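Written out below as structure tokens is the structure these notes cover.
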Amino acid sequence: MKDWKNVWILAEVNHGKLSPTAYELLNAGRTLADDLGEKLCAVLLGSGVEKFAAELFEYGADSVYVCDDAHLANYVDDVYAKTLAAMIAQYKPNKFLLPATNMGRSLSAKTAVFAGTGLTADATEVLINKEDGQLHATRPTFGGNLMATITCKKTRPEMCSLRPMSYEKAARVAGRKGEIVKFSFDAKKYTSLAKFIEFIKNEGEGLDLSEAEVIVAGGRGLGKPEGFALLKKLAERLGGAVAASRAPVDNGWIDYRYQIGLTGRTVKPKVYIACGISGQIQHMAGMSGADVIVAINKDPQAPIMKVANYAVEGDLYDVIPAMLEALH
């Protein structure tokens, strides 16, 4: 294990843009690297991606491993995973953090298989055990009712996909420099039975939850799927996005991509308006980082009413129309 050194993070690039998850992983990875006394390294994989190296240095990367090739212009998980596995075999990183995004979840699992190592998926916290230097990755389990800390004792690298927004963005140091290490893509070795045909953009309504500064979320208290139409009106008036707790998703009222919580997404908006949401711990874990929490609920004893900055006791079907009128 002594040959395996340094902490890697995957700086995901989607359609020519560096994902914000890269800055979060650099923050998490910096703590790990400092605790181990090792370097923090970022990995760029794709076509036309080397230009992002300078930005990654400014946000904390000591080295950036770059595989920049026209064959990687479109994401095909087998090709990307085999490439990453080859990079792992050559450079032997100690720890490897990837984002638990749609792409990252698929890529991290396949890479771990090709690299012959273990993976903790969808973690919310990572730290180094000071006694043995092992990675301890904590993630929700049993539907979010328990938190499990997982280790990978016998293989390297210790891999983990980290849930977006679990960590703050790394601090930027303008002008900071580092080392670029280039890795050559081999089209004959890194192949796939799958073939990229076409990318069709999801034309979902509203802002992406990760970008929204205001989120209006609905829970079981809506009572019916039509209730989200009212929430949408409020979200549009405030320039925000609609979200949900787990119950409406389980009931089929709204798509899973809108779910907030341990088994959904983690968000950190400036304002989070919880409508008819009781505030169970699984949901709170996904939105407790909001700057301001507004709760609208009939039950004054609901858990979310106790943590809200502003708690409104009442029927959401009376309160929200009144808010819309006031905002007119």
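The values are calculated or read from the model by the stated rules, or taken from the named source; none is laboratory data. Remember, predicted model here, so these are calculated numbers, not experimental data. A quick note on method: Cβ atoms are made from the backbone with ideal geometry, for glycine too, and the neighbour counts reach across all protein chains shown. Heads up: the accessible areas ignore ligands, DNA and RNA and are worked out on the full protein's heavy atoms, side chains in. Shrake-Rupley method; radii C 1.70, N 1.55, O 1.52, S 1.80 Å.
Evaluation of ALA187 against the conditions (1) at pLDDT below 95; (2) farther than 16 Å from THR21 by Cβ; (3) out of contact with any helix residue (DSSP H, G or I) (no Cβ under 7 Å at 6 or more places or on another chain) shows that the sole unmet condition is (3). Among helices (runs of 4 or more DSSP H) entirely within the stretch 43-138, having at least 3 residues that are charged (D, E, K, R) and either open to solvent by 10 Å² or more (accessible area, probe 1.4 Å) or touching a Ser or Thr at 6+ places or on another chain (Cβ under 9 Å) (or both) singles out 77-91. Taken over the stretch 269-317, the criterion of being under 17 Å from ILE215 (Cβ atoms) and surrounded by fewer than 17 Cβ atoms within 10 Å (Cβ to Cβ) is satisfied by LYS270, SER288, GLY289, ASP291, VAL292, VAL307, ASN309, TYR310. The single condition among (1) of a type in the set (Gly, Ala, Ser); (2) farther than 22 Å from GLY314 by Cα; (3) at pLDDT 95 or above; (4) open to solvent by less than 10 Å² (accessible area, probe 1.4 Å) that GLY264 does not meet is (3). Mind listing whichever residues of the stretch 244-260 are out of contact with any Pro (no Cβ under 9 Å at 6 or more places or on another chain) and open to solvent by less than 60 Å² (accessible area, probe 1.4 Å)? Correct list: ALA244, SER245, ALA247, VAL249, ILE260. Residue count for the stretch 7-42 satisfying the condition of being assigned to a strand (DSSP E or B), over 16 Å from ILE180 (Cβ atoms) and among the aromatic types (Phe, Trp, Tyr): 0.
In the set (1) surrounded by fewer than 16 Cβ atoms within 10 Å (Cβ to Cβ); (2) out of contact with any His (no Cβ under 7 Å at 6 or more places or on another chain); (3) not basic (Lys, Arg), TYR167 fails one condition alone, (1).
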